[in-house]
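Take a look at the structure set out below.
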Amino acid sequence: MKRRVRSGTHLMCSLEVHTITRKPMSWHDNLKEPADARFLNLIHHTAQGPRKKYPETQTENQEVGWDLEPLVNPERHDRRLNHFRVCSDITLYKAKTWGLGDDRHK
């Protein structure tokens with residue numbers, strides 16, 4: 001489609017104009033087209049995660065989270081790996097003073 005473009009008061013030469021988006025009320029843009037199986041397979045393949053697409057990592061950044069198995073067996077009773085919140089007399093006292101809004105003990 002050729003169209004003349006006006007720039008201010010001057011008329012520029014005809015430029016080739018291509019429509020990118022479809023017009024919703026146009027009859028020729030709303031024709032039903034057959035589904036392309038190869039294109040649909042390509043779209044579904046790109047929507048998959050990298051672990052399903054590739055057997056190994058493709059970039060250095062993918063190496064960080066590629067293996068889901070932990071390097072160290074997580075033992076819940078090992079205090080070197082698990083730092084649980086411990087309640088003692090002093091921590092309970094401090095929690096109550098913060099809850100009351102006492103700013104003197106910060």
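The numbers here are math on the coordinates, done by the rules we state, and not lab data. As the structure is a prediction and not an experimental result, all values here were calculated from the model. No Cβ is skipped: glycine too gets one built from the backbone with ideal geometry, and neighbour counts run over all protein chains shown.
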message: Residues that are of a type in the set (S, T, N, Q) and exposed (fewer than 10 other Cβ atoms within 10 Å of the Cβ): list the helices (runs of 4 or more DSSP H) wholly contained in the stretch 37-106 that include at least 1 such residues.
response: 37-47
- prompt: Can you name every residue in the stretch 45-96 that is of a type in the set (A, V, I, L, M, F, W, C) and touching a Lys or Arg at 6+ places or on another chain (Cβ under 8 Å)?
  reply: TRP66
